[in-house]
Ligand SMILES: [Mn+2]
C-alpha cells in the first residue's frame, strides 16, 4: 500500500532514528502546547522519543495550570545547551521564518500547522489543514492510529481546540467538530470548566484594585493609573475591564515601568483611531501607536520630567490624552 505524503506514517518514517524536537510558536498558547504534547505522546506510542520546546515566556495562568495539571514536560529553548544542527525539528502550530517563530538550532524537516502558509521554507514533510485548531490535526492522527487516549490527554486536546476556536465560534470546521466529538466522550468536563474559570491570579487583583481605586471618567474616556509595575498582558486586561463600563468609550490605563510609564488604550468610539490618538498624546515624551481599537505606548524614564511634578502627573497625562481625543474627533467631523 502506498503511504500518503502527509500521513502520520510518512512523518514517523522521516523522524525515526533522529533526535526529534517539536517546536511550538513563541509564547505558546493552549493549542500549541496541546498539539505538541499530544504529538509527543503519539510519537512515543510508535517508539519515537521527542522533546517539546518553545521560545518566549509562559506568562498566562491558564497555561501554567495545564502544564501542572497534566504534568507536561515543555522546555525553554533558550536554556538548552545541547542542541545540534543535525537534530530534526518539527514546527507545530507555526512555521519557520514567521515573526512568531524564533530560530532553533537544528534542521526544520517537518511542519504541522493550521495557519495559512506565510513562508517558503522547504520541509520534507508538511501536514497542513486550514481548520480551527492544530490540536484537531493531532486528534485525527490519534483516531487513525487507534492510540488509547487517557482522560488527561483528551482534556488537554479539547481545551486546545476550545481556546483556538474561541469556544467553537471562530474558524471552526467539520474537521474540528469530528475531533471534538471523539474527545468529548473521554475528556473531564469539570477540569475544562475549572480552566475556563481560572483566568485571574490573586496577584492580578492588586492591579485591578489599584485601577478601580484610581479610575476617573472625562467625556466618555476612562483613565486609570497603576502605581506599580505589571506585565503588559495584565495592563491590557485591566484596560479592557475599564472599557466594559457602559459610560466608557475609550479606556486609558498606564502603569509604572522601570522609572517610566507603560500605556494601554482600548477604544470602541466610532472614528477614533486609538493608535493615532496615543501617538499624538505622547509626542515629545515617549512613543505610542497601534490599531483602530487597541494601542500601546511608553513614556521613557529620561522624559518623565516633562510631565512635571509627580503630584500633577495624572492631570497632565489626562490633558494630553483628552486634547488628542478632541483633535481627532474634530478632524473626523471635518472629512
Ligand atoms: Mn493554533
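The numbers here are math on the coordinates, done by the rules we state, and not lab data. Because the structure is a prediction, the values reported are computed rather than measured. Please note: Cβ atoms are built from the backbone with ideal geometry, for glycine as well, and neighbour counts cover all protein chains shown.
Distance between the C-alpha centres of region 257-303 and region 82-121: 34 Å, rounded to the whole angstrom. For the chain, the longest principal axis of the C-alpha atoms and the axis of helix 30-45 are separated by about 10°. Every pair of different Cα atoms in the chain enters the Kirkwood calculation, which places the hydrodynamic radius at 22.3 Å. The alpha carbon gyration tensor of region 166-249 gives principal lengths a ≥ b ≥ c with a/c of 1.5 or higher and a/b greater than b/c, which makes the shape prolate. For region 205-290, a/c is not less than 1.5, where a ≥ b ≥ c are the root eigenvalues of the C-alpha gyration tensor, and a/b does not top b/c. That puts it in the oblate class. Over the chain, what relative contact order in percent results from Cα pairs under 8 Å that are six or more residues apart? It comes to 11 percent, rounded to a whole number. Per residue, the average separation of C-alpha pairs within less than 8 Å and at least 6 apart gives region 202-334 a relative contact order of 18 percent. Taking a ≥ b ≥ c as the square roots of the eigenvalues of the Cα gyration tensor, region 8-196 is rounded, since a/c falls below 1.5.
Restricting attention to the chain, close to 45% of DSSP beta bridges with both partner residues there are antiparallel. Highest average first, the peptides 222-232, 258-268, 131-141 ordered by how many other beta carbon atoms sit within 10 Å of their residues are 131-141, 258-268, 222-232. The long axis of helix 232-243 is offset from the longest Cα principal axis of the chain by roughly 60 degrees. Sequence gap at least 6, Cα distance under 8 Å: using those rules, report the relative contact order of region 108-225 to the nearest whole percent. So the answer I get is 20 percent.
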